[in-house]
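Nothing in this text is a laboratory measurement; each read-out follows from the coordinates by a stated rule. Please read all numbers here as calculations on a predicted model, not as lab measurements. Note that each Cβ is placed from the backbone with ideal geometry, even for glycine, and that neighbours are counted across all protein chains shown.
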Amino acid sequence: MKTQTKSSKKIPFFFLLSLIAALLLLPSAQTSVFAHKGAHGIVKERMAIMKGMKDHMKIIAQTVKGQIEFDEKSLNGALDYLQKHAGKRLAKLFPKGSAGKKSDADPAIWKDWDKFNKLALSLTHSSDAFRVALEKKPAGKLDKAALLQLENQYDALKQVCKDCHDSFRL
Ligand code: HEC
């Protein structure tokens, strides 16, 4: 009887542990798999990239809000990701007519292609501006003035995501 009680206590504990382990092992796949089940090709690809942008923006957000320690390397890594997928590369993820059931892309994108491209390019410019502010800060540390600068640049960056989503995401 005693051993039974012991093992029945052990099972949920190990179950919980493996559940946590499984969740930790499946970080980014979840959103794209579950949020838009059935998306494929370029739509799936751009969803994954957008999700990547969100994750990298989070690093920037948490840094400027002082929620995580300032780490220049990971900030630069986050900016690299945004820059890599901004501008023309971003526009290329939206070939004409690639809206549809599984996609939240507004067909207005192809009616106002110039505006869409400008917003894609704004992401390049605002991440460039963030990088410049980062390079200007005193070496190795983040004083109040530098933090304020980065916060402003972050707000501008976030606004670009929002502007494009407001106009072109359903
Ligand atoms: C030039 C326009 C544009 C810019 C800039 C842009 N997005 Fe998007 N984003 C879109 C469109 C359009 C969709 C919908 C894509 C689809 O469903 O096919 C989208 C979708 C998303 C999604 C949902 C992905 C999914 O799984 O369905 C996230 C998250 C996202 N964007 C984050 C960001 C972040 C963060 C930024 C800024 C760093 C950003 N986006 C900048 C146009 C843009």
Original post:
In the stretch 73-107, how many are farther than 18 Å from THR124 by Cα and in contact with a Lys or Arg (Cβ under 9 Å, 6 or more places away or on another chain)?
Top reply: 6
**OP:** Return yes or no: is ASP166 within 11 Å of the ligand (Cβ to nearest atom) and either surrounded by fewer than 19 Cβ atoms within 10 Å (Cβ to Cβ) or of a type in the set (Phe, Trp, Tyr) (or both)?
**Re:** yes
Original post:
Which ones in the stretch 71-110 are near the ligand (Cβ under 10 Å from one of its atoms), hydrophobic (A, V, I, L, M, F, W, C) and in contact with a His (Cβ under 9 Å, 6 or more places away or on another chain)?
Top reply: ALA78, LEU82, ALA86, LEU93
Original post:
Within the stretch 50-70, is there a residue that is in contact (Cβ under 8 Å) with a residue 12 or more places away in the chain, in a helix (DSSP H, G or I), more than 13 Å from the chain's Cα centre (by Cα) and within 7 Å of the ligand (Cβ to nearest atom)?
Top reply: no
Subject >> Among (1) out of contact with any helix residue (DSSP H, G or I) (no Cβ under 6 Å at 6 or more places or on another chain); (2) away from the ligand (no atom under 11 Å from the Cβ); (3) among the charged types (D, E, K, R), the one test that LYS118 misses >> reply: (2)
